[in-house]
Amino acid sequence: MTDTKDILMAKRLAEKVSHAGGRVYYVGGFVRDQVLGRDNKDVDVEVHGITPKQLEEILDSLGQRTVMGASFGIYGLRHLDLDIAMPRSEHATGRGHKDFDVFVDPFLGPEKAAMRRDFTFNALMQDVLTGEILDFFGGVQDLKTGVLRHVNDDTFQEDPLRVLRAAQFAARFEFRVAPETIRLCKKMDLTYLASERIMEELSKGLMKSKSPDIFFRVLKEMDQLETWFPNVSVISKDGARFEKAMRAIKRAAGKREGANSPLGFMLSSLACHFEADTAEERASAAEEFLTALTNEAKLHKYVRSMALLSDQPHALYAENALQIEFMRLFDHSESPEDLIMLSEIFNESEDSEREDRLVSLLSAYRMLMAEPQVRGEDLIKNGIKPGKAMGRLIAFSHDLHLSGIKKEEALSKTLEFAKTM
């Protein structure tokens, strides 16, 4: 929920700015979500008609001023989540997301300030004191009709990240993208964007939407899959395979809150559909996909594991496999709970009896792992020296444990095995 402290402070700021001859407007997502009837905890305001020095003096009178980017005209107040900015104009100096010269211009005027925004619904402004909404580019109508439309051809294409923002906004709000915006996005070069920014927009598309498939469908329509999502681009050329993958991530969205790694779960639901002849190739494709986007080791490990094993729970169940095979499967998985859910999605099935059985087996695995088992110190006490041999013996004893053999017997069998090495 929006913190009322931020709203109250925005009004106090607006009153002081008004006395100095200026105006304060709510801007961006805050106004958009107000119109949509949604709550937005991020309160952003833009201060017009006074100098930066005047604004700084006013902020100092209201609390402890923080500076997030003085040269960009961006301020805050300590202990508040209120972003305070001044109007600015930008000029692209290169092809990357950060390649801009920025000029603070307090007297630019609301319409020109709004023109630098990406989409019409993000260009809405609302007077903090009067509540009047300024809508220079038809943003309210686009919100009502569910259309994502860019504001201005020239300013929009200066920032190629907006292609990804279009896709994630379309997914989050389940809006259709205006044809002219699609055409413009097709021309834009995403090559020089930073991978962390791509990952940020992808994460929003996957985690903030009930229909994350729209993210990739929009990029496909824009011919913008190849640069950053080549694996998805490959499967997009096979209509049936692409549709199966899109159904999978939409189903995954309904289960992600129950996952141990919600983002990893969403990425895995996509990666397990990458083109590959074997499970190992599929896992390698998943690793390649993530390497281009992030170096987060835990996420890599999770997604690789899930892509590698995604078909196994169903396969073992269909084969009526022995319990130890399920124990080994769960033992190899980074998250057995998530693996069971992913398996249902991957196989496009909804079998409550099978799922109950898998959950029951997982419960048995958890109980088994809670029981005492052979450790390194147990082997050392029995004369085994640390080294490669001990590693093999620990693995041997662990497999005995997975089969249900108690620690004392497992230790005895392991020591016997050691004599054969």
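Bear in mind that the values in this text are calculations on the coordinates, not laboratory data. Remember, it's a predicted structure, so these values are computed and weren't measured experimentally. So basically every Cβ, Gly included, is an ideal-geometry build from the backbone, and we count neighbours across all protein chains shown.
Key figures
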read-out	value
Label point 7 Å beyond Cα of Met207 along Cβ direction - residues of the range 1-45 with amide nitrogen under 18 Å	1, 40-42
Derived scalar couplings ³J(HN,Hα) [the range 153-164; Karplus, 6.51 cos²θ - 1.76 cosθ + 1.60; whole Hz; x for Gly, Pro]	4, 5, 6, 4, 7, 6, 10, x, 4, 5, 4, 5
Links that overshoot a 29 Å alpha carbon limit, given the list Lys53/Lys208; Lys16/Lys144; Lys144/Lys250; Lys220/Lys255; Lys255/Lys406	Lys53/Lys208; Lys16/Lys144; Lys255/Lys406
Per-peptide average of other Cβ atoms within 10 Å, ordering 132-141, 79-88 highest first	79-88, 132-141
Relative packing of peptides 105-114, 385-394, 345-354, 168-177 - highest average C-beta neighbours within 10 Å first	168-177, 105-114, 345-354, 385-394
Candidate lysines for bridging to Lys388, where Cα separation is under 17 Å - those fewer than 8 sequence places away on the same chain excluded	Lys419
Added length on full extension, which subtracts the Cα-Cα distance from 0.36 nm per residue, Arg392 to Glu325	22.2 nm
Spatial separation of Cα centroids for the range 30-49 and the range 312-340, in angstrom	48 Å
Radius 13 Å from Cβ of Glu325, net charge of other residues (Lys, Arg +1; Asp, Glu -1)	-2
Cα-based Rg and Dmax for the chain, where Dmax is the largest Cα-Cα distance (Å)	27.8, 90
Inter-site label distance for Phe72 and Asn382 at 7 Å from Cα along Cβ, in nm	6.2 nm
13 Å beta-carbon shell around Glu296, net charge (K/R +1, D/E -1)	0
Additional length obtainable on full extension of the chain from Val359 to Glu15, 0.36 nm per residue less Cα span	117.9 nm
Farthest positive-ward along the chain dipole, Cα basis, beta-carbon charges - from Gly139, Gln126, Ala364	Ala364
Residue-by-residue Karplus 3J(HN,Hα) for the range 311-323, coefficients 6.51, -1.76, 1.60, Hz, glycine and proline x	8, 6, x, 5, 5, 5, 5, 5, 7, 6, 5, 5, 4
Check: the range 225-315 dipole with +1 on Lys, Arg Cβ and -1 on Asp, Glu Cβ, in debye	460 debye
Sequence ranges 147-157, 273-283, 334-344, ranked by mean other-Cβ count within 10 angstrom, highest first	334-344, 147-157, 273-283
Calculated from backbone phi, Karplus (6.51, -1.76, 1.60) coupling profile of the range 110-120 in Hz, x at Gly/Pro	x, 5, 5, 5, 5, 5, 7, 5, 7, 10, 4
Cβ-derived FRET efficiency at R0 30 Å, Ile7 paired with Thr145, nearest 0.05	0.55
0 to 90° range, to nearest 10: angle between helix 239-253 axis and the chain longest Cα axis	80 degrees
For Ser284, net neighbour charge (Lys/Arg +1, Asp/Glu -1) across residues whose Cβ lies under 14 Å away	-3
Value at 222 nm in deg cm²/dmol, rounded to 500, when DSSP H runs of n ≥ 4 in the chain each add -39,500 (n - 2.57)	-16500 deg cm²/dmol
The range 269-402 - charge dipole about Cα centre, Lys and Arg +1 at Cβ, Asp and Glu -1, debye rounded to 20	1040 debye
Rounded, prolate or oblate (a/c below 1.5 giving rounded, otherwise prolate when a/b exceeds b/c) for the range 144-243 by Cα gyration tensor	rounded
